[in-house]
Ligand code: AMP
């Protein structure tokens, strides 16, 4: 083997790709029920777009971006997430404006140079939604409900919805100062990254996964306790909406999302079925990003699902996601004339909406029937010299091993009933 896939990337093979299709279909269906419309943005963007929005001191920007220079010397980055590109595209095409609700969704690959492990890839897939134009707490709750509904639809259980608030710029500033004073006392006992972050972006210290820092992070003051009155009121309203929907949640005061653009409500859905990488969905409000990108003061809220991890859960539960496709028909032909008549017939069968395949390897009848079994055809059609002579064709039920002779003129009608 001369070439293999790159570390942290993988090929999704036919034995699994049907699950991805079913998952994507479920997402699309639910997104449209909540009135989201699809947007497709490019795989790469100007690096600056991500640096400005996600934040320089975040792990994503400081360590994980696939950044390169193109032949004209521009700095480009493979998208590590899609919120910033969706905001960019929404503004560029005048989809987003004040006092207008715009609901967009996306499905596609994202890229992060992370250390690969179970549930963590360098190319992974996300499905997400972004709603622009309203800061109504009811919308935050609707978004969380939508995320939960998708999991529900797929029959995924043992989930925990974690919610928190990172407040507005005002309360974050007060909290940051308090946090800086707190962490500065312990800086000498904390990791190198944390020491830098205490100075550059103190909130990011809360993200640190190093063991030596956990004790200090655990005892740190929490932002939820420091929220200003309007932020507290907004968060309480989100919680009441969740209660109204009967949605169970846990307030997780320690949760900070790995991206700087969030304001107010943040949430994650955790699966108890996964190992260390147990977050299947993450999102929240980002009321300042549209303005930051040159638009009006347009509030926004969204989430992203990790599709790889959902497939992993479905695999662990051996859930059968096979779509109810029509039954596959395999056409066996014997001789050149049969092949010609057969080719015309198979064209008509496919036009009727049935998946069909025929022999292209010039095998004998026995081998063709074997092939029909191998590809799990439900029926085989057999066309040989005798059938042509009497204007008939044989329809064989592969599972029952029963066959009937049918006049050629009636075969399409018969297939339509299978
Ligand atoms: P984030 O954009 O970091 O909030 O991630 C949103 C969701 O994407 C997470 O909850 C994960 O399910 C998924 N995700 C993030 N990074 C990866 C990765 N490297 N590999 C697989 N899934 C990921």
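The table for this structure:
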{"read-out": "Any hit, region 264-272, residues being within 16 Å of the ligand (Cβ to nearest atom) and modelled with pLDDT under 90", "value": "yes"}
{"read-out": "Unique match (being in contact with a helix residue (DSSP H, G or I) (Cβ under 8 Å, 6 or more places away or on another chain) and away from the ligand (no atom under 16 Å from the Cβ)) among 253, 285, 350, 291", "value": "253"}
{"read-out": "Test result for residue 308, in contact (Cβ under 8 Å) with a residue 60 or more places away in the chain, part of a loop (DSSP other than H, G, I, E, B) and closer than 25 Å to residue 35 by Cα", "value": "no"}
{"read-out": "Residue list for region 360-391, filter: surrounded by 17 or more Cβ atoms within 10 Å (Cβ to Cβ) and without any contact (Cβ under 8 Å) to a residue 40 or more places away in the chain", "value": "368, 369"}
{"read-out": "Exclusive hit being touching a helix residue (DSSP H, G or I) at 6+ places or on another chain (Cβ under 7 Å), within 10 Å of the ligand (Cβ to nearest atom) and under 19 Å from residue 127 (Cα atoms), set 307, 314", "value": "307"}
{"read-out": "Condition met for residue 403 (surrounded by 11 or more Cβ atoms within 10 Å (Cβ to Cβ) and in a strand (DSSP E or B))", "value": "yes"}
{"read-out": "Single match in 85, 80 (criterion: buried (at least 18 other Cβ atoms within 10 Å of the Cβ), in contact with a strand residue (DSSP E or B) (Cβ under 7 Å, 6 or more places away or on another chain) and within 20 Å of residue 310 (Cα to Cα))", "value": "80"}
{"read-out": "Hits in region 237-255 (condition: in a loop (DSSP other than H, G, I, E, B) and surrounded by fewer than 18 Cβ atoms within 10 Å (Cβ to Cβ))", "value": "245, 246, 247, 248, 253, 254"}
{"read-out": "Subset tally (residues that are assigned to a helix (DSSP H, G or I), under 22 Å from residue 14 (Cβ atoms) and touching a strand residue (DSSP E or B) at 6+ places or on another chain (Cβ under 8 Å)) for region 370-390", "value": "2"}
{"read-out": "Residue tally, condition more than 16 Å from the ligand (Cβ to nearest atom) and touching a helix residue (DSSP H, G or I) at 6+ places or on another chain (Cβ under 9 Å), over region 69-96", "value": "8"}
{"read-out": "Flag if residue 329 is surrounded by 12 or more Cβ atoms within 10 Å (Cβ to Cβ) and farther than 13 Å from residue 418 by Cβ", "value": "no"}
{"read-out": "Qualifying positions in region 409-418 - without any contact (Cβ under 8 Å) to a residue 60 or more places away in the chain and under 25 Å from residue 336 (Cβ atoms)", "value": "409, 410"}
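Residue by residue, here is whether (1) touching a residue at least 40 places away in the same chain (Cβ under 8 Å); (2) in contact with a helix residue (DSSP H, G or I) (Cβ under 6 Å, 6 or more places away or on another chain) holds:
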{"position": "187", "(1), (2)": "no, yes"}
{"position": "207", "(1), (2)": "yes, no"}
{"position": "215", "(1), (2)": "no, no"}
{"position": "236", "(1), (2)": "no, no"}
{"position": "246", "(1), (2)": "no, no"}
{"position": "263", "(1), (2)": "yes, no"}
{"position": "270", "(1), (2)": "yes, no"}
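The values are calculated or read from the model by the stated rules, or taken from the named source; none is laboratory data. Here the structure is a predicted model, which means the values were calculated and not measured. In this analysis, Cβ positions are derived from the backbone assuming ideal geometry, glycine residues included, and neighbour counts consider all displayed protein chains.
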